[in-house]
Every structure is written in C-alpha cells, then in structure tokens.
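Quick notes on the structure that follows.
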Amino acid sequence: MAGSDEDTQSPFAPLLADLARMRRANLKTAIDDVDKILDLLTKAREQVAGDVDAHRIGMTMTALQNPVKAQLEDINSDLKDVTRAQKGYGKALDKAFPQRELPMETDAMADHPALINRALAMHLLREGQFSVASTFLHEDGDDEMKRDDDEDDADDDADDDGDSAMQNLSEDLQDRFSEMYGILAQLKQRNLTPAIEWARVNNIRLEAKGSNLEFELCKLQYIWLFKGHAANGLPDDESNGQRGARAYAHRHLSRFQSRHLHEIQQLACALIYISNLEASPYRQVFEINSAFDDVAVSFTREFCSLLGLSAESPMYVAVTAGSIALPRLIKYTTYMREKKTEWTTENELAFETPLPESMIYHPIFVCPVSKEQTTEQNPAMMLPCGHVVCRDSLHRIAKGSRYKCPYCPTEGHMKDAMKITF
C-alpha cells in the first residue's frame, strides 16, 4: 500500500510541502523577539529614570547587555529561517516549472510595447488599482525617455504626445472608475441610492441601449423597503416597511408603466399576500438573497458599456484564455515540428480550444460539406430548405445558377440562398 501511495503522489507534492514550510517560517517570531527587546529596554528605562546613583545605573545597563544580545541573535536566527524557506520554495518552483522557451515562430506583440503597456495600464485602472497604475505609467514614461535619447526630435515629440494622451486618458478613466467603485461599495452595503441617481442621470443613454438598469434598481429598492425592519433593520414608518414601499412606488415606479407594467402589477399585488408572502405566487420576486450581487453585476456592465468598454477586463480575458489554451498549443506545435509538418491555414487552429462558456463570444460554424470554418470572405449561406453550407461549397455544388441541396432533394436558385450571421 505504501508503494501504491507513493506512485499516486502528486508531482507537485514537494512544491506544496515547501510552500507550507515557507508559510510557517513567517516574520511573527522575529516580531515577537523585537517586542521582547523593547520590553527589556522599557523596563531598564523605568529603573534608571530619576535615579541619581551612577553605580546602580551602570549595573542596570550592564545587566541589560546579555539579554539584548541574546534576543538579537534570536532575531537573526528567525530571519535566516525565513530566508532559507523562501529560497527553498524558489528552488522548488524552478524545479516544478522549469524555464523553457515556447516553440513559437515569433512573438506577435514584440514590436508593440506601447500597446502592451496601454493594456496593462487599462487593466490596473479597471481593477481600481489607481496608485499602481499611476506608478506604472510614470515608470513607463521614464523608460520611454531613456529609450528615446538616441532618437530624432520628431519621434520624441510624437512619443511625448502619445504619453500625454495616455496620461490624460488614465486620469479620466481613474475619475470614472473611482465613481463606479464608490457606487459598488454602497451597493455592497445595500445602499441603492447612489446607483439609482447615476442611472437616472444617464437614463437616456441607457434606454437607447435597451437597458432596464434604472427600473431594476428602483424595483429592488421597493422590495428592500417592502420587507421592512426584518430585512433592512430600519424602523417601520412612512419611509420604510409597507407604507414606505407604497410611497416610494407612487413617487418613482409610475413612470415605468409603459415598459414594465406587468412587473409593477406583481409588486402591487404582493400586498395581498403580505401575511404569508413565502407561500404566495410572488415569492421569487421578493427573494433578495443574491439580488444585490446581481444588480451590482448589471450596474458594472452598464457603466462600462457607456464608457465603450466591456464589463470584464480584456487583459483578464486574454490571459485566462491564453493560459487555458497554451498547453494544447505548445503540445500541438511540438508535435507538428517533430513530424516536420506545419499548419498553413491562416487565422485558424487545427484543434478546438475548450474555453469556458463565458469566454465564447463568436459562435463558429463549420460547413458540413467542406469541413471548413466560415469566415467573412466565406460566410454561411442558408438554403430555402433550411440547410446551411458555406458560400464556397454552394458555388462548387451549383450548376450555373441552380443547385441541389446536398442533404435533401430540394433544388433552388443561387439568388434564393441567404447569408446568415450567428
């Protein structure tokens, strides 16, 4: 059994052991020893304070030397343990993940450092790391100045303009995202007022995009008030509880009737079941365990949308998707080189990359005839019978202006085929 356990042991077990050792070897022991020295010095100071006898003062200071020296040695020993554990973990990392060059032909972004720096700065701003983003941009600007020392003045001016534009963009985005994170912080504390005010100010732009954010926020505010003291801890008065919810509905929900009448009717009818709301048909409407988290996600998405940005950081998506796809890509590239063959189809991979559903943005259609993925130049075409093939396949099976569907007896004219977009 012991041999079997060793055979099934994870290859990362030594790395995990070194990680646990490093976590145990922290600075807490060294800090405790420093506190002990401070206690010794404090007691010695209290003993000599106000004492005019030089002999006793000298004896106190002499008695202090050995304990302080011993504690200093303990501190050095503690720090050595921490350093030793960190070095051991570093060696374990190098052993578990040996550095090797990726078998790629070229680095597509090697000639575009400015784009990489911009993406990094944008990611830091989107994550609310404003001070880090500011430092990054400042240090990147210093590096640019060093690199530009040997370049022409015209190029320097262009780079300066680019740096200035990026700095201005950074300051503007920092202000915007500071506002967003401030509102999200209030939502986390279940305060909907700042989010509702923001949605009301931007109502025209939100409705132009088909967004229902303002109504969803107002609806949640109504439910939050409706549940009263049991949910929000506020006293049931004219501003809270059922009376507060009715007053809020009269003031704020009436203007949403043209688009959300059915939902407003549900909110109003729930008053009939107030004595046993959990057994009513509207129980799910008034379930708010995850409602604040959901509305925070919706708010983030709509806020970023008005800035012309996606809800998730492109840097996060790219790095995550790349991390998932990279092992397969390396394995495939290595295999192709060993076989001395190359995949030559431009902008296509020869295998499927299993990404999470949240990262699949563009559905892919593979023509059942040619087995090729459709592209902008070779789009999917739907025949009158409902079958879909790519345009190149349709042209190949056509005889003149007529064709016969490869999957059913239907015949038709080329002009009847319709381009479709997924």
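For the range 334-355, indicate whether the set of residues that are more than 30 Å from ALA245 (Cα to Cα), surrounded by 15 or more Cβ atoms within 10 Å (Cβ to Cβ), modelled with pLDDT under 80 and in contact with a Pro (Cβ under 6 Å, 6 or more places away or on another chain) is non-empty. Lay out the reasoning, then the answer.
So in the range 334-355, the residues more than 30 Å from ALA245 (Cα to Cα) come out as 334-355.
Checking the rest, the ones that are also surrounded by 15 or more Cβ atoms within 10 Å (Cβ to Cβ) come to none.
No; the residues of the range 334-355 include none that is more than 30 Å from ALA245 (Cα to Cα), surrounded by 15 or more Cβ atoms within 10 Å (Cβ to Cβ), modelled with pLDDT under 80 and in contact with a Pro (Cβ under 6 Å, 6 or more places away or on another chain).
Where residues in the range 365-399 are in a loop (DSSP other than H, G, I, E, B), without any contact (Cβ under 8 Å) to a residue 40 or more places away in the chain and out of contact with any helix residue (DSSP H, G or I) (no Cβ under 9 Å at 6 or more places or on another chain), which of them is nearest to PRO409 (Cα to Cα)? Steps first, answer last, please.
Step one: list which residues in the range 365-399 are in a loop (DSSP other than H, G, I, E, B), which gives 365, 367-372, 374-379, 383-387, 398.
Subset that is without any contact (Cβ under 8 Å) to a residue 40 or more places away in the chain: 367-372, 374-378, 383-387, 398.
From what's left, out of contact with any helix residue (DSSP H, G or I) (no Cβ under 9 Å at 6 or more places or on another chain): 371, 375-376, 385-387.
Details: LYS371: 21, THR375: 27, GLU376: 29, CYS385: 9, GLY386: 12, HIS387: 11 Å.
If we take residues in the range 365-399 being in a loop (DSSP other than H, G, I, E, B), without any contact (Cβ under 8 Å) to a residue 40 or more places away in the chain and out of contact with any helix residue (DSSP H, G or I) (no Cβ under 9 Å at 6 or more places or on another chain), then CYS385 is nearest to PRO409 (Cα to Cα).
Among the residues of the range 274-329, which ones are open to solvent by less than 40 Å² (accessible area, probe 1.4 Å), small (Gly, Ala, Ser) and over 30 Å from ILE264 (Cβ atoms)?
SER313, ALA321, GLY322, ALA325
Look at ALA208 and say whether it is open to solvent by less than 60 Å² (accessible area, probe 1.4 Å) and modelled with pLDDT under 90.
On the way: open to solvent by less than 60 Å² (accessible area, probe 1.4 Å): no; modelled with pLDDT under 90: yes.
Taking the combined requirement at face value, the residue does not satisfy it.
So, in the range 59-71, how many residues would count as being open to solvent by 90 Å² or more (accessible area, probe 1.4 Å) and within 21 Å of ASP35 (Cβ to Cβ)?
Pass one, the range 59-71, residues open to solvent by 90 Å² or more (accessible area, probe 1.4 Å): 59, 61, 65-66, 69.
If we keep only those that are within 21 Å of ASP35 (Cβ to Cβ) too, we end up with 61, 65-66, 69.
The total comes to 4.
Working only within the range 35-58, note down all residues that are open to solvent by 60 Å² or more (accessible area, probe 1.4 Å) and among the β-branched types (Val, Ile, Thr).
Residues of the range 35-58 that are open to solvent by 60 Å² or more (accessible area, probe 1.4 Å), as a first pass: 35-36, 38-39, 41, 43, 45-47, 49-50, 52, 54-56.
Passing the criteria: only VAL52.
Need a quick list: helices (runs of 4 or more DSSP H) entirely within the range 255-345 having at least 1 residues that are in contact (Cβ under 8 Å) with a residue 60 or more places away in the chain. Reasoning before the result, please.
Values: elements: 257-269, 291-306, 314-338.
Filter on the range 255-345 gives 291-306, 314-338.
When the residues of the range 21-57 are narrowed to those that are of a type in the set (Gly, Ala, Ser) and modelled with pLDDT of 85 or more, which ends up farthest from LEU79 (Cα to Cα)?
Within the range 21-57, the first condition is being of a type in the set (Gly, Ala, Ser), and the residues that meet it are 25, 30, 44, 49-50, 54.
Next, only the ones that are modelled with pLDDT of 85 or more stay: 30, 44.
On the way: ALA30: 7, ALA44: 26 Å.
Ranking the candidates gives ALA44 first.
Condition check ((1) at pLDDT below 85; (2) among the small types (Gly, Ala, Ser)) across all residues:
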| residue | (1), (2) |
| --- | --- |
| LYS80 | no, no |
| THR83 | no, no |
| LYS95 | yes, no |
| GLU105 | yes, no |
| ALA110 | yes, yes |
| ALA121 | no, yes |
| LEU124 | no, no |
| LEU137 | yes, no |
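Being outside any helix (DSSP H, G or I) and either in contact with a His (Cβ under 6 Å, 6 or more places away or on another chain) or farther than 21 Å from GLN189 by Cβ (or both) is the filter here, so list the residues in the range 208-236 that pass it. Write out each step before concluding.
Filtering the range 208-236 down to residues outside any helix (DSSP H, G or I) leaves 209-212, 228, 233-236.
LYS209, GLY210, SER211, ASN212, ASP236 - these are the residues of the range 208-236 that are outside any helix (DSSP H, G or I) and either in contact with a His (Cβ under 6 Å, 6 or more places away or on another chain) or farther than 21 Å from GLN189 by Cβ (or both).
Just one of ALA199, ALA185 is surrounded by 14 or more Cβ atoms within 10 Å (Cβ to Cβ) and either part of a helix (DSSP H, G or I) or polar (S, T, N, Q) (or both); which is it?
On the way: ALA185 fails: surrounded by 14 or more Cβ atoms within 10 Å (Cβ to Cβ).
When all the criteria are applied, what remains is ALA199.
List pairs: first residue in the range 25-37 and small (Gly, Ala, Ser), second residue part of a helix (DSSP H, G or I) and open to solvent by less than 70 Å² (accessible area, probe 1.4 Å) anywhere in the structure, Cβ distance under 6 angstrom, at least six positions apart or on different chains.
ALA25/ASP81; ALA25/VAL82; ALA25/ALA85; ALA30/ILE75; ALA30/ASP78
The values are calculated or read from the model by the stated rules, or taken from the named source; none is laboratory data. Computed from a prediction, not measured in an experiment: that's the story for all the values here. Backbone-built Cβ (ideal geometry, glycine too); neighbour counts: all protein chains shown. To get the accessible areas, we keep the full protein, side chains included, count just its heavy atoms, and leave off ligands, DNA and RNA. Shrake-Rupley method; radii C 1.70, N 1.55, O 1.52, S 1.80 Å.
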